[in-house]
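Asks: Following this message is one structure expressed as structure tokens.
The values are calculated or read from the model by the stated rules, or taken from the named source; none is laboratory data. Being a predicted model, the structure only gives us computed values, none of them experimental. All Cβ positions, glycine included, derive from the backbone under ideal geometry; neighbour counts span all protein chains shown. In case anyone asks, the SASA skips ligands and DNA or RNA and just uses the protein heavy atoms, side chains included. Shrake-Rupley method; radii C 1.70, N 1.55, O 1.52, S 1.80 Å.
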Amino acid sequence: ESGRVFDLLSVQFFIGLANALVNILAFTFFIYTFPVTTLPKVYLAMAGMLILLNYVYEVLEHRFPPVQLLKYVIAFSGGLLILLWLGLASGNKENFIFILLVSSVLIYMVTGYAFWGLVSLMFNVRESRRVFSIVGAGDIPAKLIGYVAAPLLIPVIGMSQVLWLAIVSLFLGLLFFHRASQNSSWD
């Protein structure tokens with residue numbers, strides 16, 4: 001059981017790091033580009049997209065096993081970030097910055113749904129009392145590193161390039177999770 005717990009902790013770390021980097025980038029881009037009066041429109045768009053996301057996730061949850069679903073969610077989140085980076089690099093920044101801010105919340109939510117859904121199915125109620133705090137402990141240093149590193153890295157490598165660190169973090173989490181889930185103890 002400890003092997004699975006530490007595998008999940010490392011996956012949670014990389015997902016949390018990516019979420020922290022995307023979150024700080026999305027808000028930084030937004031603050032520099034839009035007036036504060038645009039923020040309610042973003043939150044309304046987030047609410048509408050979360051309703052749609054919850055429906056789509058429920059359908060996918062019944063269609064795929066939890067291990068496979070988490071892999072798909074991480075890969076989809078990384079792919080979405082690549083598309084958003086391409087959009088930001090193409091020159092039509094305002095629309096893609098708006099979409100990035102909305103997507104940052106969607107990525108945070110859907111990765112959380114998939115990750116914690118899998119964890120809750122892997123451990124029974126007695127195990128979960130002691131295991132969940134260890135698995136969730138990967139998120140705290142990840143957020144701390146992400147929120148401290150992003151402002152330090154932005155002046156050095158640029159805001160758009162920090163997005164690549166989030167993409168790499170997601171794909172490292174996917175790689176670690178794929179390797180761990182191939183282990184026979186995950187069956």
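Asks: Which one is surrounded by the most Cβ atoms within 10 Å (Cβ to Cβ) among residues in the stretch 156-175 that are over 16 Å from Ser77 (Cα atoms) and at pLDDT 90 or above?
Replies: The qualifying residue surrounded by the most Cβ atoms within 10 Å (Cβ to Cβ) is Ile157.
Asks: So, of the residues in the stretch 74-99 that are aromatic (Phe, Trp, Tyr) and closer than 16 Å to Val162 by Cα, which turns out to be surrounded by the fewest Cβ atoms within 10 Å (Cβ to Cβ)?
Replies: Within the stretch 74-99, the match that is surrounded by the fewest Cβ atoms within 10 Å (Cβ to Cβ) is Trp85.
Asks: So which residues in the stretch 105-133 are among the β-branched types (Val, Ile, Thr) and open to solvent by 70 Å² or more (accessible area, probe 1.4 Å), if there are any at all?
Replies: Correct list: Val125 only.
Asks: Modelled with pLDDT under 95 and of a type outside the set (Phe, Trp, Tyr): is that true of Val131 in this structure?
Replies: Criteria met by Val131.
Asks: If the Cβ limit is 7 Å and pairs must be 6+ apart or interchain, which residue in the stretch 57-79 that is within 17 Å of Tyr108 (Cα to Cα) and in contact (Cβ under 8 Å) with a residue 40 or more places away in the chain pairs with which residue that is acidic (Asp, Glu) and surrounded by 14 or more Cβ atoms within 10 Å (Cβ to Cβ)?
Replies: Leu69/Glu61
Asks: Can you tell me which of (1) touching a Leu at 6+ places or on another chain (Cβ under 7 Å); (2) closer than 22 Å to Gly117 by Cα is the one Phe29 doesn't meet?
Replies: (2)
Asks: Would you mind stating whether Val102 is within 24 Å of Ala47 (Cα to Cα) and open to solvent by less than 70 Å² (accessible area, probe 1.4 Å)?
Replies: So Val102 passes the test.
Asks: All but one of (1) within 16 Å of the chain's Cα centre (by Cα); (2) modelled with pLDDT of 90 or more hold for Phe96; state the number of the condition that does not hold.
Replies: With (1) within 16 Å of the chain's Cα centre (by Cα); (2) modelled with pLDDT of 90 or more applied to Phe96, the lone miss is (1).
Asks: Can I ask one more? Any residue that is open to solvent by 80 Å² or more (accessible area, probe 1.4 Å) and within 21 Å of Gly173 (Cα to Cα) - is there at least one of those in the stretch 58-72?
Replies: yes
Asks: Just need a number here: residues in the stretch 145-175 that are touching a residue at least 40 places away in the same chain (Cβ under 8 Å) and of a type outside the set (S, T, N, Q).
Replies: The total comes to 19.
Asks: Within the stretch 176-186, track down each residue that is outside any helix (DSSP H, G or I) and touching a residue at least 12 places away in the same chain (Cβ under 8 Å).
Replies: Within the stretch 176-186, just Asn183 meets the criteria.
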